Amino acid sequence: MNMTRRTVLAASAVTAAATVLQTPNVARAALPLVQPELPFIQTDLAPVISSKTVALHYGKHHKAYFDKLNTLAEGTRYADMTLEEIVKQSANSKADAKIFNNAAQAWNHVSYWDQFVPNGPNRPMGEIATAINAEFGDYEGFIKRAVTVSDEVFGTGWVWLTRDDQNKLALIGYEDGNNPVAVGRPAYLGIDIWEHAYYLDYENRKADHIRAVLEKLVNWRVVEGRINA
């Protein structure tokens, strides 16, 4: 059998999806924190997200958050923490706002890339599908709500599938690098609405980007694993 690099990576992705990426792969502690490799090859998300966008988004923007965080956290109380611990511990510290911003964005993007592991179902299944339908009407209603919430975020930010104060599934917008983890809530699925995530491919058509991502890229086996964790 001719095992190309793509074949090997695809097989690895299936294995990863089967074991379920319940939380971003950033558990290692102690500086320097290392940016995880992408769980797919750069061209796998095209045409929804082009190879050029992935290269810039992952190779420049995401990498910069890790690089800056390692510099800022050196010699501080955060130096021996995991990335998620840094997010939680720095969230309410004005003095450590720069550390939080870079840690949160580093964490956000790992979660973001992990949810695109190839070869998984692109729609919710079973009980998760029932819950999505109960809260949003159907999957189309879920997509429409995500677009609406994105418009409620002023400037840059994220839309996260999380839980609200009544512990119900909800799509909530967060400005800049803020995320549910920082406020003690779960982060199941994240939609990056910073312009670097979509502008090369969609220009100002943010809604088209969100719709395409939710219709074609999300591996709901990964999301289900996070919800059931």
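Here Ala30 fulfils each of the conditions (1) assigned to a loop (DSSP other than H, G, I, E, B); (2) out of contact with any Lys or Arg (no Cβ under 9 Å at 6 or more places or on another chain); (3) under 14 Å from Tyr199 (Cα atoms) apart from (3).
The set of residues in the stretch 136-152 that are assigned to a loop (DSSP other than H, G, I, E, B) and surrounded by 13 or more Cβ atoms within 10 Å (Cβ to Cβ) is empty.
Which condition breaks for Ala97 when tested against (1) out of contact with any strand residue (DSSP E or B) (no Cβ under 9 Å at 6 or more places or on another chain); (2) closer than 16 Å to Ile172 by Cβ; (3) surrounded by fewer than 18 Cβ atoms within 10 Å (Cβ to Cβ)? It is condition (2) that Ala97 fails.
Listed by first and then second residue, the pairs with beta-carbon distance under 8 Å, at least 6 apart or on different chains, first residue in the stretch 145-167 and farther than 18 Å from His209 by Cβ, second small (Gly, Ala, Ser) and at pLDDT 95 or above, are Thr162/Ala170; Thr162/Ala187; Arg163/Ala170; Asp164/Ala170.
From the set of residues in the stretch 166-201 that are over 12 Å from the mean Cα position of the chain (by Cα) and assigned to a strand (DSSP E or B), which is farthest from Gly126 (Cα to Cα)? Among them, the one singled out is Glu175.
If you go through the stretch 40-81 and pick out every residue that is of a type in the set (S, T, N, Q), in contact (Cβ under 8 Å) with a residue 12 or more places away in the chain and surrounded by fewer than 20 Cβ atoms within 10 Å (Cβ to Cβ), you end up with 4.
None of Leu169, Leu161 is surrounded by 13 or more Cβ atoms within 10 Å (Cβ to Cβ) and either touching a strand residue (DSSP E or B) at 6+ places or on another chain (Cβ under 6 Å) or at pLDDT below 95 (or both) except Leu161.
Among the residues of the stretch 36-66, what is the count of those that are of a type in the set (Ser, Thr, Tyr) and more than 19 Å from Leu83 (Cα to Cα)? Counting residues in the stretch 36-66 that are of a type in the set (Ser, Thr, Tyr) and more than 19 Å from Leu83 (Cα to Cα) gives 4. Taking every residue in the stretch 189-202 that is under 17 Å from Thr43 (Cα atoms) and pairing it with any residue that is surrounded by 18 or more Cβ atoms within 10 Å (Cβ to Cβ) and among the β-branched types (Val, Ile, Thr), at least 6 positions away or on another chain, the pairs with Cβ-Cβ distances below 6 Å are Leu200/Thr53; Asp201/Thr53.
Screening the candidates Asn204, Asn133 for the property of being assigned to a helix (DSSP H, G or I) and surrounded by fewer than 21 Cβ atoms within 10 Å (Cβ to Cβ) yields one hit, Asn133. Residues that are hydroxyl-bearing (Ser, Thr, Tyr), out of contact with any Phe, Trp or Tyr (no Cβ under 9 Å at 6 or more places or on another chain) and at pLDDT 95 or above: does the stretch 45-64 have at least one? The answer is yes, given that some residue of the stretch 45-64 is hydroxyl-bearing (Ser, Thr, Tyr), out of contact with any Phe, Trp or Tyr (no Cβ under 9 Å at 6 or more places or on another chain) and at pLDDT 95 or above.
Tallying residues that are of a type in the set (A, V, I, L, M, F, W, C) and more than 17 Å from the chain's Cα centre (by Cα) within the stretch 104-138 yields 7. Of the residues that make up the stretch 139-154, is at least one of a type outside the set (A, V, I, L, M), at positive phi and in contact with a helix residue (DSSP H, G or I) (Cβ under 8 Å, 6 or more places away or on another chain)? No. Of the residues making up the stretch 33-78, those that are in a loop (DSSP other than H, G, I, E, B), of a type in the set (Ser, Thr, Tyr) and in contact with a Ser or Thr (Cβ under 9 Å, 6 or more places away or on another chain) are Thr43, Ser50, Tyr78.
If you go through the stretch 89-96 one residue at a time, do you hit one that is aliphatic (A, V, I, L, M), farther than 24 Å from Ala187 by Cα and modelled with pLDDT of 95 or more? Checking the stretch 89-96: at least one residue is aliphatic (A, V, I, L, M), farther than 24 Å from Ala187 by Cα and modelled with pLDDT of 95 or more.
The values are calculated or read from the model by the stated rules, or taken from the named source; none is laboratory data. Owing to the predicted nature of the structure, the values given are computational and were not obtained by experimental measurement. A quick note on method: Cβ atoms are made from the backbone with ideal geometry, for glycine too, and the neighbour counts reach across all protein chains shown.
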